[in-house]
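Presented below is the structure to which this report refers.
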Amino acid sequence: MTGRRSLRAAAAVLLVAAGLTACGTAPDPAGSVPAPRPVVLAEIAHDPSAFTQGLELDGGILYEGTGLEGRSQLRELDPATGTLRRSVPLPSGYFGEGITVVGDRIWQLTWRDGVALEWDRASLRLLREVPMDGEGWGLCGLDNRLVRSDGTSTLRFHDPATFAETGSVEVTLDGDPVPDLNELECVGGRGAAAGGAGGVGTAQVWANVWQTDRLVRIDPDTGRVTAVVDASGLLTPQQSAGADVLNGIAHVRDDEYLLTGKLWPVMFRVRLPT
């Protein structure tokens, strides 16, 4: 979310970062949370003009939500090649944010416009705009509920049919709040609302931490961070020219994910801890 939000210190995550080695796995200073690095399996092309805010793979289709006023879109991509299949602009100059698939619908957040957008998945036709309190950053579906981040250390839960807010949980690492939670990916659980790829039984939420190269894995019931991943160094110096922050997680299967970022020219298929 660069260029439009003041940087708040992500103290808990930076403490973990200080304890990471350049490769392999190292514990955080308290020794309670594993901190592995992703294993890169493949590189896939990504549109370097896409200001990625949300990424989700469902039914063999990769969906992407992009941001910036006047440039925000909902996109459908080929997950194997990154090729854009089709896209639609957001209405009213909305600043697009996270997305998630719920059956035959797609929910998409807006940043500070105070609405969530519901799209028809087959036609990419906008069905309705639903009022939303607070900012929208990341969104995913898990256990018949939607999970939303708003740039704080709080995850908010919503009804997947009405988008009514139903609860929240504070995200902590060794008891300290983890702020700046951004793009989300929900995995596992019982009957996940998004109907995504299987292979992970325990419900978990992955989150980008804004303005860092860190991913955190969260227990959605307790808010406790159960893993921290250092995803720095994925881009080469040539690839990083003009690129913005890491932002975009999509579960592929088992322990495999797609990672990308705002204005990145590439996506990475990686292995993350289960």
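A short reminder: the numbers here are calculations on the coordinates, not readings from a lab. Bear in mind the structure is a predicted one, so any value in this text is a computation, not a measurement. Counting neighbours? That spans all protein chains shown, and the Cβs are built from the backbone with ideal geometry, glycine included.
Of note:
- When peptides 74-85, 217-228 are ranked by their average number of other Cβ atoms within 10 Å per residue, the highest-first order is 217-228, 74-85.
- Rounded Å value of the spacing that divides the Cα centres of the stretch 216-261 and the stretch 55-113: 18
- The residues neighbouring R128, those whose beta-carbon lies less than 15 Å from its own, together hold a net charge of -3 under the Lys/Arg +1, Asp/Glu -1 convention.
- Segment D244..R105, full-extension length gain: 47.1 nm, with 0.36 nm per residue of separation and the alpha-carbon distance subtracted.
- Highest mean first, the peptides 102-112, 125-135, 244-254 sorted by other C-beta atoms within 10 Å per residue fall in the order 244-254, 102-112, 125-135.
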